[in-house]
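Presented below is the structure to which this report refers.
The values are calculated or read from the model by the stated rules, or taken from the named source; none is laboratory data. The structure displayed is predicted, hence computed values, not measured ones. All Cβ positions, glycine included, derive from the backbone under ideal geometry; neighbour counts span all protein chains shown.
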Ligand code: PAF
């Protein structure tokens, strides 16, 4: 495994290589990231993972300073999952006196975008830079961040980016809890309790698949989660391409939600119709 710290080192590693698959991450890797790297290795000749805790996508009151940093363990996961190189730049390498930013449109306005001002601008800008630096032909993202996927897809369309995007299914713990670097904030007991979140989403999907009214079902899920101690931020039926809220479920629609549990913000989404 090659550890690349500078953009120049990436350029040299790239050399004449074609068929690069990019897996952008912020580190604190888990099985969800490992599966992205494996899918990239199955699809592409060369896999470049990136580990960059991007400060521009965190708000001033968010968890940047306590976000887990586990570079040694991350490198091992990348190597074991089939990455050939890891680009892990410092902030000064990625954002020296940036004046230009990517401003995403309507797809970024609701849900996470409404609660985290500037978040998707930070994501789009760094992702576009990583696309440019790597010159990758393929890039892999986890569907757990459903709106991020929609925003990046739209950026690639709007800016004619010559890259194939792969959005990969969420990997879950055996309890159903979606894998997330933020799960490490929980005590074992709180982690067990957190699985009530995904359980509520899967229950809702079953009821909606059985033909029940989505609005009624999501209202019930909201109450049940609240009773169990979750602070529900939103729970909605959405079109995963546009992020528009829907009243009628179709094969494509997703149930998407954000909650706070024991002081930690969690997001997740599942197919509304099974
Ligand atoms: O999903 C993430 O980990 C980040 O938002 C990403 C895509 C690596 C950009 O910093």
Region 186-200: number of residues that are closer than 30 Å to residue 65 by Cα and touching a helix residue (DSSP H, G or I) at 6+ places or on another chain (Cβ under 9 Å): 5
State all residues of region 181-198 that are within 20 Å of the chain's Cα centre (by Cα) and more than 13 Å from residue 256 (Cα to Cα); if no residue qualifies, say none. 181, 182, 183, 184, 185, 186, 191, 194, 195
Looking only at region 128-151, filter to residues that are under 12 Å from the mean Cα position of the chain (by Cα) and closer than 20 Å to residue 10 by Cβ; which one of those is farthest from the ligand (Cβ to nearest atom)? 140
Of the residues that sit in region 87-99 and are within 21 Å of residue 148 (Cβ to Cβ) and not in a loop (DSSP other than H, G, I, E, B), which one is nearest to the ligand (Cβ to nearest atom)? 94
Exactly one of these conditions fails for residue 16: (1) more than 15 Å from the ligand (Cβ to nearest atom); (2) part of a loop (DSSP other than H, G, I, E, B); (3) in contact (Cβ under 8 Å) with a residue 60 or more places away in the chain. Give me its number. (3)
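Can you find a residue that is buried (at least 20 other Cβ atoms within 10 Å of the Cβ) and within 14 Å of the ligand (Cβ to nearest atom) anywhere in region 59-67?
No, every residue in region 59-67 fails to be buried (at least 20 other Cβ atoms within 10 Å of the Cβ) and within 14 Å of the ligand (Cβ to nearest atom).
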Any residue that is part of a helix (DSSP H, G or I), closer than 22 Å to residue 86 by Cβ and within 12 Å of the ligand (Cβ to nearest atom) - is there at least one of those in region 169-181? yes
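Residues in region 76-85 that are in a helix (DSSP H, G or I) and either within 16 Å of the ligand (Cβ to nearest atom) or under 14 Å from residue 118 (Cα atoms) (or both): how many?
3
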Among the residues of region 216-243, how many are under 15 Å from residue 149 (Cβ atoms) and not in a strand (DSSP E or B)? 5
In this structure, does residue 164 turn out to be farther than 29 Å from residue 201 by Cα, more than 13 Å from the ligand (Cβ to nearest atom) and free of Cβ contacts under 8 Å to residues at least 40 places away in the same chain? yes
Using the structure shown, decide if residue 274 is closer than 22 Å to residue 147 by Cα, in a helix (DSSP H, G or I) and modelled with pLDDT under 95. no
